[in-house]
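A.B. asks: Please see the structure below; I have some questions.
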Amino acid sequence: MSTSLLDDVSTLFPEWFTPAQTARAKTIFYKEMALRCHHFYGGKMMTVPKAGIFSPNDVNIWYTPGVSKVSTTIRDNPLSSFYLTGRGNTVAVVSDSTRVLGDGDVTPPGGLGVMEGKALLMKVLGGLDAVPLCIDSRGPDGTPDPERIIQFVEMVQHSFAAINLEDISQPNCYRVLDVLRERCEIPVWHDDAQGTGSVALAGLINALKVAEKSLHDVRIVFIGAGAANTATARLVITAGGDPDRIVMFDSRGALSRNRSDIEENPAFYRKWELCQQTNPDAITDLETALKGADVLIAISRPGPDAIPPAWIQSMADKAILFALANPVPEIYPHAAHEAGALVVATGRGDFPNQANNSLGFPGILKGAILARARRISDGMAITAARSLAHFAEEKGISPERILPDMSDPMLFATEAADVAMQAVTEGLARHAMRREDYLALAREEIMESHALFQHLMDEKIIKPPPESLVQECLRLAISQV
């Protein structure tokens, strides 16, 4: 069996497997492959120089005495650090690992695998260098303290062009992002919030086109009110969704002005904003909210049984479902379609319509960095969503294809150029250019990264995993279903 068969894992399982059994087997297979491949490679990232040592004397240029001139130049002009060092293309992926995927608090080092994955995608898809930084945010009482994260990022920002916050539990994630966006000299981005919101909005734009419905007119129900879904709701409203036709549910019920428990907890101010904006009729029952709803966006607990088919059956014709829990969606796509959903999106790449952050952050961060933007605004995130939606629409959209294919290198270059231009429009750019110049530069840097990555694989510096490893994981997956 060739590892190229991993392009379609579904074909590796017995023909008599039901869709649910195949979905479960794939989940087991990918988890086992991840564990064994991470052990095989010893992680996913390494440091590679981009300046050559062509003679022994080159060391005198790259290090002492020559490099002293670089230090004093940056001292006198701090912005030159973006052009004289690797800072100008480097992102810090910062996490306290307190809310990693569906696994919750996995301890600071437990998040390294995810943060390295983020760094890998930034390099391959966006031509960005990234450093995973998993930190301990616990204070003396043993509980996560947002101020420790804020202080850390403020101190480390001078080595990076942007900060990508990741997997920080709520409510700490709200304060960390909002404070750092104002205090830092470089863009700070929370991918679980703005990133998920941007990609979900992109998918929603095209799903509504497929269903022949209008964003302003549809009724939307959100299940889950964490960082991801609250940011998604905020971006949907800013992009034209009617807050009066939106109801959001957290683990305690529907958000509304009647939720005094949220109002009285200042740490949940983002949720309270949505309590004041949405659900004017103070609907309290989820089944009532879903009856006749056009859209359901769930980012809650992993499934596959978190959303029963009956909920979808009660929705409007041509219903749209985003089941975005990781690593297993709240309901499998085949079950959602059987219940009547027209469009179903998940966060996984082994199902159609992957509404995953990886469509957003490589291009968004690339655009912000090319423009030397001071921050990443909601306007830039919405522009990225519209860029993604337009890119997909030009290739042709359908119920099974509402988002673009991330293998197209022009996707992220296009997204980056659009985001950079929005930064210019909003007065956030410190390096303004024409859109075609942003596009050309983004494309050049992304293609250089692709070429380097391909060279490392062609030369077997990065070796493929052994065929025996793949077979072992396959047998294990089949045996456990």
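A.B. asks: Inside the stretch 290-320, can you point out the residues that are buried (at least 17 other Cβ atoms within 10 Å of the Cβ) and of a type in the set (Asp, Glu)?
C.D. replies: Correct list: ASP294 only.
A.B. asks: It is to be established whether one or more residues within the stretch 80-88 are in contact (Cβ under 8 Å) with a residue 60 or more places away in the chain, closer than 27 Å to GLY363 by Cβ and among the aliphatic types (A, V, I, L, M). Step through it out loud before you land on a result.
C.D. replies: So the first thing to find is which residues in the stretch 80-88 are in contact (Cβ under 8 Å) with a residue 60 or more places away in the chain, and the list is 81-82, 87-88.
Keeping just the survivors that are closer than 27 Å to GLY363 by Cβ gives 81-82, 87-88.
Next, from what is left, pick out any that are among the aliphatic types (A, V, I, L, M): none.
Within the stretch 80-88, none of the residues are in contact (Cβ under 8 Å) with a residue 60 or more places away in the chain, closer than 27 Å to GLY363 by Cβ and among the aliphatic types (A, V, I, L, M).
A.B. asks: Give me the residue from the stretch 405-429 that is at pLDDT below 95 and part of a loop (DSSP other than H, G, I, E, B) and, out of that set, surrounded by the most Cβ atoms within 10 Å (Cβ to Cβ).
C.D. replies: Selected residue: MET406.
A.B. asks: What is the number of the single condition among (1) surrounded by 22 or more Cβ atoms within 10 Å (Cβ to Cβ); (2) modelled with pLDDT of 95 or more; (3) not basic (Lys, Arg) that GLY240 does not meet?
C.D. replies: Among (1) surrounded by 22 or more Cβ atoms within 10 Å (Cβ to Cβ); (2) modelled with pLDDT of 95 or more; (3) not basic (Lys, Arg), the lone unmet condition for GLY240 is (1).
A.B. asks: Also: VAL344: out of contact with any Cys (no Cβ under 8 Å at 6 or more places or on another chain) and part of a strand (DSSP E or B), yes or no?
C.D. replies: In short, yes.
A.B. asks: Looking at SER468, SER479, SER407 in this structure, which one is closer than 30 Å to THR232 by Cα, out of contact with any Phe, Trp or Tyr (no Cβ under 8 Å at 6 or more places or on another chain) and of a type in the set (Ser, Thr, Tyr)?
C.D. replies: SER407
A.B. asks: Out of (1) surrounded by 13 or more Cβ atoms within 10 Å (Cβ to Cβ); (2) more than 27 Å from CYS184 (Cβ to Cβ), the odd one out for ILE446 is which?
C.D. replies: Of (1) surrounded by 13 or more Cβ atoms within 10 Å (Cβ to Cβ); (2) more than 27 Å from CYS184 (Cβ to Cβ), only one is false for ILE446: (2).
A.B. asks: Please find, within the stretch 64-106, the residue that is modelled with the highest pLDDT out of those that are over 22 Å from ALA51 (Cβ atoms) and surrounded by fewer than 13 Cβ atoms within 10 Å (Cβ to Cβ).
C.D. replies: From the stretch 64-106, those over 22 Å from ALA51 (Cβ atoms) are 76, 93-106; that's our starting set.
With the extra rule that they be surrounded by fewer than 13 Cβ atoms within 10 Å (Cβ to Cβ), the set shrinks to 76, 104.
On the way: ASP76: 97, GLY104: 89.
Among those residues, the one meeting the criterion is ASP76.
A.B. asks: Here is a list: ALA202, ALA227, ALA233. Which entry is modelled with pLDDT under 95, closer than 24 Å to ILE307 by Cβ and within 17 Å of the chain's Cα centre (by Cα)?
C.D. replies: ALA227
A.B. asks: Among the residues of the stretch 435-481, how many are closer than 30 Å to LEU370 by Cβ and either assigned by TED's automatic domain parsing to the domain that holds PRO409 or not in a loop (DSSP other than H, G, I, E, B) (or both)?
C.D. replies: Summing the residues that are closer than 30 Å to LEU370 by Cβ and either assigned by TED's automatic domain parsing to the domain that holds PRO409 or not in a loop (DSSP other than H, G, I, E, B) (or both) in the stretch 435-481 gives 24.
A.B. asks: Look at the stretch 5-47 and say how many of its residues are at pLDDT below 90, surrounded by fewer than 15 Cβ atoms within 10 Å (Cβ to Cβ) and touching a Leu at 6+ places or on another chain (Cβ under 8 Å).
C.D. replies: So the count comes out to 2.
A.B. asks: Considering every residue within the stretch 276-288, establish whether at least one is crowded, with 18+ Cβ neighbours inside 10 Å, in a helix (DSSP H, G or I) and aliphatic (A, V, I, L, M).
C.D. replies: The answer is no, given that none of the residues of the stretch 276-288 is crowded, with 18+ Cβ neighbours inside 10 Å, in a helix (DSSP H, G or I) and aliphatic (A, V, I, L, M).
A.B. asks: Anything in the stretch 172-217 that is more than 27 Å from MET406 (Cβ to Cβ) and touching a Gly at 6+ places or on another chain (Cβ under 9 Å)? List them, or say none.
C.D. replies: Within the stretch 172-217, SER214, HIS216 qualify.
A.B. asks: Among the numbered criteria (1) assigned to a helix (DSSP H, G or I); (2) within 21 Å of the chain's Cα centre (by Cα); (3) touching a residue at least 40 places away in the same chain (Cβ under 8 Å), which one does GLN170 miss?
C.D. replies: The failed condition is (1).
A.B. asks: Then there's this: Taking the stretch 226-283, which residues are over 23 Å from ALA381 (Cα atoms), free of Cβ contacts under 8 Å to residues at least 24 places away in the same chain and in contact with a Leu (Cβ under 8 Å, 6 or more places away or on another chain)?
C.D. replies: ILE262
A.B. asks: Okay, moving on. Go through PHE351, PHE268 for me and flag whichever is of a type in the set (A, V, I, L, M, F, W, C), part of a loop (DSSP other than H, G, I, E, B), more than 26 Å from ASP217 (Cα to Cα) and modelled with pLDDT under 95. Explain how you work it out, then say what you get.
C.D. replies: Values: PHE268 fails: part of a loop (DSSP other than H, G, I, E, B).
None of the others qualify; the one that does is PHE351.
A.B. asks: Select from the stretch 134-155 the residues that are touching a helix residue (DSSP H, G or I) at 6+ places or on another chain (Cβ under 7 Å) and over 19 Å from ARG183 (Cβ atoms) and write down the one among them that is surrounded by the fewest Cβ atoms within 10 Å (Cβ to Cβ).
C.D. replies: Residue satisfying both the conditions and the ranking: GLY139.
A.B. asks: Still on this structure, I have one more. Of the residues ALA51, ALA92, only one is under 30 Å from GLY363 (Cα atoms), outside the structural domain of GLU166 (by TED's automatic domain parsing) and not aromatic (Phe, Trp, Tyr); which?
C.D. replies: ALA51
A.B. asks: Can you tell me which residues in the stretch 121-162 are in contact with a Leu (Cβ under 7 Å, 6 or more places away or on another chain) and within 24 Å of ASN229 (Cα to Cα)?
C.D. replies: Listed by number, the residues that qualify are MET122, CYS134, ILE150, ALA162.
A.B. asks: Please determine whether any residue of the stretch 368-380 is surrounded by fewer than 23 Cβ atoms within 10 Å (Cβ to Cβ), farther than 30 Å from GLN157 by Cα and either at pLDDT 95 or above or in contact with a strand residue (DSSP E or B) (Cβ under 7 Å, 6 or more places away or on another chain) (or both).
C.D. replies: no
The values are calculated or read from the model by the stated rules, or taken from the named source; none is laboratory data. What you are looking at is a predicted structure, and each value in this text was computed from that prediction instead of being measured. A quick note on method: Cβ atoms are made from the backbone with ideal geometry, for glycine too, and the neighbour counts reach across all protein chains shown.
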